[in-house]
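Participant: Supplied in structure tokens, the structure appears directly below.
The values are calculated or read from the model by the stated rules, or taken from the named source; none is laboratory data. In this text, all values refer to a predicted model and were calculated from it rather than measured experimentally. For neighbour counting, all protein chains shown are included, and Cβ atoms are generated from backbone atoms with ideal geometry for every residue, glycine included.
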Protein chains: 4
Amino acid sequence: MAEESKTCCDRLAIDPDIREDAASRLRSIRGHVDGILRMLERDDVYCVDALKQIKAVNGALSKTGDLILRGHLKHHVVTAHERGDEDAIVAELMDVLKYR
Amino acid sequence: MAEESKTCCDRLAIDPDIREDAASRLRSIRGHVDGILRMLERDDVYCVDALKQIKAVNGALSKTGDLILRGHLKHHVVTAHERGDEDAIVAELMDVLKYR
Amino acid sequence: MAEESKTCCDRLAIDPDIREDAASRLRSIRGHVDGILRMLERDDVYCVDALKQIKAVNGALSKTGDLILRGHLKHHVVTAHERGDEDAIVAELMDVLKYR
Amino acid sequence: MAEESKTCCDRLAIDPDIREDAASRLRSIRGHVDGILRMLERDDVYCVDALKQIKAVNGALSKTGDLILRGHLKHHVVTAHERGDEDAIVAELMDVLKYR
């Protein structure tokens with residue numbers, strides 16, 4: 001996989017606007033994780049309240065991933081045939097979508 | 001939902017061992033998020049590499065959630081009929097499982 | 001897993017009303033699958049239209065699963081401590097929730 | 001969405017080999033659903049056994065979806081810039097990936 005990334009996509013960076021948007025969301029996610037850590041310091045924290053917070057962070061992470069995925073499709077995947085790296089780009093994309 | 005938590009489960013706290021294990025995992029997750037933030041400072045970061053890291057954090061969060069869920073089932077749900085709060089505990093559990 | 005089912009839950013059947021509701025949903029799901037099969041006989045079927053139908057069936061199956069899960073929690077899991085099979089019932093439940 | 005499909009992708013059909021493979025998988029899935037329906041006719045069917053079968057069908061459906069998705073990426077998405085329909089094809093793809 002790392003090999004394929006190297007082969008197909010050396011010059012394919014995330015668009016700067018998307019990079020900044022994603023970083024901003026991840027800083028907020030880090031703050032949310034800090035909030036759950038403070039919650040877990042209390043010895044009366046209720047399981048379902050912690051589960052709800054974890055699900056919320058998972059949702060925020062998925063939205064951040066969708067943002068990057070949309071940019072990847074728009075800037076790199078739709079032009080893959082012109083570059084000639086379509087097999088590598090599809091293989092690595094399917095690989096990462098499996099984790100969804 | 002918050003109402004139901006209050007009604008059914010005031011005294012149902014997370015087991016201390018699970019709480020410590022979950023906190024330890026969340027500290028590691030926070031470090032992983034910091035790593036993605038550093039990755040996004042580079043202007044040549046590749047979309048799929050960022051997506052893989054986000055998926056890895058999603059997986060680590062889900063495992064933390066499973067740990068808390070398992071404890072909740074084991075310590076609180078299996079005794080709900082004895083306490084008489086089974087309707088509330090099932091309703092809130094189904095609600096949180098929907099987010100999975 | 002099959003062993004544990006045998007050990008813990010021989011007498012724990014699905015509630016008849018839930019069984020009938022789930023069967024009715026599955027008959028509708030079977031009809032939906034038949035519809036996708038007819039769609040795939042056309043040589044001009046568009047990928048995304050087929051994907052949307054598959055996702056719809058996945059959603060209908062998940063709702064059927066949630067119906068059975070809710071009944072399982074309500075009728076069997078909340079009484080597990082009284083029966084004394086809580087370890088087995090939690091282990092098999094976590095195992096099936098992993099697939100969600 | 002339906003409008004966009006019309007606009008962008010009238011001539012973009014599923015590859016015949018993939019269509020046949022997907023149909024074959026869906027026939028097997030229909031047989032699996034029939035098996036769950038027979039299971040639900042027994043009044044002693046255990047919740048978790050039904051849940052396991054439903055999860056297995058969901059998994060088989062997802063694999064069928066991945067097959068069609070891979071074909072869509074390989075045959076249609078990587079050439080979207082050349083056709084000039086990249087905005088529409090990315091929008092509808094993100095819409096269907098949300099359901100995953």
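Participant: So for region A:88-97 (the condition being under 30 Å from A:Gly35 (Cα atoms), out of contact with any Ser or Thr (no Cβ under 9 Å at 6 or more places or on another chain) and at the interface with chain B (Cβ under 10 Å from one of its Cβ atoms)), does at least one residue qualify?
Facilitator: Kept after step one, since they are under 30 Å from A:Gly35 (Cα atoms), are these residues of region A:88-97: A:96-97.
Those still in the list that are out of contact with any Ser or Thr (no Cβ under 9 Å at 6 or more places or on another chain) too: A:96-97.
The next check asks that each one be at the interface with chain B (Cβ under 10 Å from one of its Cβ atoms); those that pass are A:96-97.
Yes, because at least one residue in region A:88-97 is under 30 Å from A:Gly35 (Cα atoms), out of contact with any Ser or Thr (no Cβ under 9 Å at 6 or more places or on another chain) and at the interface with chain B (Cβ under 10 Å from one of its Cβ atoms).
Participant: Looking for something more than 22 Å from A:Lys98 (Cβ to Cβ), modelled with pLDDT under 95, within 8 Å of chain A (Cβ to nearest Cβ) and in a helix (DSSP H, G or I) - is there at least one such residue anywhere in region B:2-13?
Facilitator: yes
Participant: From the list A:Arg70, A:Arg27, pick out the single residue that is among the basic types (Lys, Arg), part of a helix (DSSP H, G or I), in contact with a helix residue (DSSP H, G or I) (Cβ under 6 Å, 6 or more places away or on another chain) and at pLDDT 95 or above.
Facilitator: Working: A:Arg27 fails: in contact with a helix residue (DSSP H, G or I) (Cβ under 6 Å, 6 or more places away or on another chain).
Of A:Arg70, A:Arg27, the one residue that is among the basic types (Lys, Arg), part of a helix (DSSP H, G or I), in contact with a helix residue (DSSP H, G or I) (Cβ under 6 Å, 6 or more places away or on another chain) and at pLDDT 95 or above is A:Arg70.
Participant: Which residues, taken from region D:18-38, are closer than 15 Å to C:Arg27 by Cα and of a type in the set (Asp, Glu)?
Facilitator: Across region D:18-38, the qualifying residue is only D:Asp34.
Participant: Quick one: count up the residues across region D:31-79 that are within 7 Å of chain C (Cβ to nearest Cβ), basic (Lys, Arg) and surrounded by fewer than 17 Cβ atoms within 10 Å (Cβ to Cβ).
Facilitator: Residues that pass the stated criteria total 0.
Participant: Could I ask something else about it? Please go through region B:80-100 and pick out each residue that is surrounded by 16 or more Cβ atoms within 10 Å (Cβ to Cβ) and assigned to a loop (DSSP other than H, G, I, E, B).
Facilitator: Listed by number, the list holds a single entry, B:Asp85.
Participant: If you don't mind, there's one more thing I want to ask. Quickly run through region A:40-67 and pick out the residues that are touching a strand residue (DSSP E or B) at 6+ places or on another chain (Cβ under 9 Å) and in a helix (DSSP H, G or I).
Facilitator: Applying the first criterion (touching a strand residue (DSSP E or B) at 6+ places or on another chain (Cβ under 9 Å)) to region A:40-67 yields A:42-47.
Once the filter is applied, which keeps residues that are touching a strand residue (DSSP E or B) at 6+ places or on another chain (Cβ under 9 Å) and in a helix (DSSP H, G or I), region A:40-67 yields only A:Cys47.
Participant: Oh, and also: Collect the residues in region D:14-24 that are within 7 Å of another protein chain (Cβ to nearest Cβ), in a helix (DSSP H, G or I) and of a type in the set (A, V, I, L, M), keeping them in residue-number order.
Facilitator: The answer is D:Ala22, D:Ala23.
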